[in-house]
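First the structure, in the form of structure tokens, and then the observations on it.
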Amino acid sequence: MNNTLGIIIAISLFALWNLDLISTLLNLKALQPKLPSEFKGIFTEDKYVESQHYTRVNSKFDVIQSTFSLALTLMFWFAGGFGCLDEWARGLGYGEIITGLIFMGILFVGQTLIGIPFQLYSTFVIEEKFGFNKTTAKTFIIDQIKGLILMALIGAPILSLILWIFNSIEHAWLWAWIAFTILQLLLTYLAPTYILPLFNKFEPMADGELKSAINELAKKCDFPLTEIYVMDGSKRSTKSNAFFTGFGKNKKIALFDTLIENHSTEGLVGILAHEIGHFKCKHIIQRMVTGIIQTAVLFFLIGIATNKDGAFSRLLFDAFRVEHISVYAGLIFFFMLFSPINKILSIFSNMSSRKHEFEADAYAANAQETPEHLIASLKQLSADNLVNLTPHPFPVFMEYSHPPMLTRIEALRKIKFETKE
């Protein structure tokens, strides 16, 4: 490879892989043989050993997967795979949009097929070994098919629109950004009603103590809650979660059935109070606005990377051994070039996310007038999901969107607030 930009990109991808490897090794080195005193009574000694084993197994698996992915990408690139695929797609004689869909579709399907063995091993070997997996072979296959159909029905039209804009309109980056933002917001609004039910069942929560406690919390927090659902998370895993959906005055809560099974009413209310805290502290809006601004910058840079008369785009396509400059190939090359930069930017977004988690925790503690209910739930979640209790500070800084559980609990215990009479 005699293209300087290509060498820089290849070195950057290898450096990114190496950084992840260092982070993983530091995390493994930080595993402590002694159970933190805060978790005594929640973790048995055997459970704690199992959680560390789970961390080791997943860490090694992630290294193998990332190494294979990097090696395959570099081999395909250096062997001229992008150029050959582009020439073949162009040889079919279709227009720029159809050619782009074929080019990117083949890369997507190829990546999906290569990733399936890793998904199978993760689901049916690792997760099965530690008692998490509830996914059947039938469910796994159906999920893959549904995912591909959704990409064809939703992803392909959106991609076609982006390709058309960049090939047809002046100041394309601006119009592509506007169109993408509108579609993204629309999908965010429609997903809970039309997309998520394709993969899971959502049943209205039955009347009872929990539903009454949740409604009471929502009223106390002046949170416009309209519906409470129970999701069949146990269909795929014993791990648990909860999330909010909806815009404006129409808010919905979905709780995994596994979450309800393993937590007390007060603990569940604490978890939901934390989620309400994200809304009340304006974290959702902040993240949305930040994401929209970042997308604008990305589309502006994509415009530079796909400019058929630009010097940089010529260098970029030469680096990947592709003769014809096109928007569809430029999108692929740009995101490969941008991935190391995105890693750096993610450090700042993760810092902001961890700050938001602390603020939402504080909101929940004040809403319940005690931190103990949320603390109990965090401890139980740690045990249920075999969370690594002693991560190294470096991977926390680089990768964690949530603070370590022990750090969150320590922060909750320091919260000072006035108990209402």
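Values as computed for the structure displayed
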item: Total formal charge among the other residues, if their Cβ is under 15 angstrom from that of Gly105, Lys/Arg +1 and Asp/Glu -1; result: -1
item: Top of Pro371, Pro391, Pro157 by mean-square fluctuation, Gaussian network on the chain, Cα under 10 Å; result: Pro157
item: 5 angstrom amide H check on Ser237, placed H, neighbours 5+ away; result: Lys134
item: Accessible area in square angstrom per residue, the chain, 1.4 angstrom probe; result: 52
item: Relative contact order [Cα under 8 Å, 6+ residues apart], the chain, whole percent; result: 23
item: Segment 312-384: GluC sites (Glu not before Pro) in DSSP coil with no more than 16 other Cβ atoms inside 10 Å; result: Glu323, Glu369
item: Distance (nanometres) between label positions extended 7 Å along Cα→Cβ at Met288 and Ile178; result: 2.0
item: Residue-wise HN-Hα coupling along segment 184-201, computed from phi with Karplus coefficients 6.51, -1.76, 1.60 (Hz; x: Gly, Pro); result: 5, 5, 5, 5, 4, 6, 7, 3, x, 8, 10, 9, 4, x, 5, 10, 9, 8
item: Rounded to 5, percent antiparallel among DSSP beta bridges of segment 188-280; result: 55
item: Under 5 Å, built H, 5+ apart or other chain: amide partners of Tyr229; result: Met205, Ile253, Ala254, Leu255
item: Candidate aspartates and glutamates for bridging to Lys211, where Cα separation is under 19 Å - those fewer than 8 sequence places away on the same chain excluded; result: Glu203, Asp222, Glu227, Asp232, Asp257, Glu261, Glu266, Glu275
item: Set Lys379/Lys414; Lys252/Lys343; Lys280/Lys355; Lys201/Lys280; Lys47/Lys239 screened for pairs whose C-alpha atoms are more than 21 Å apart; result: Lys252/Lys343; Lys201/Lys280
item: Antiparallel %, DSSP beta bridges [both residues in the chain], to 5; result: 55
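The values are calculated or read from the model by the stated rules, or taken from the named source; none is laboratory data. The model shown is predicted, which means the values in this text are computed figures rather than measured ones. So basically every Cβ, Gly included, is an ideal-geometry build from the backbone, and we count neighbours across all protein chains shown. SASA here: full protein model, heavy atoms, side chains in, ligands and nucleic acids out. Shrake-Rupley method; radii C 1.70, N 1.55, O 1.52, S 1.80 Å.
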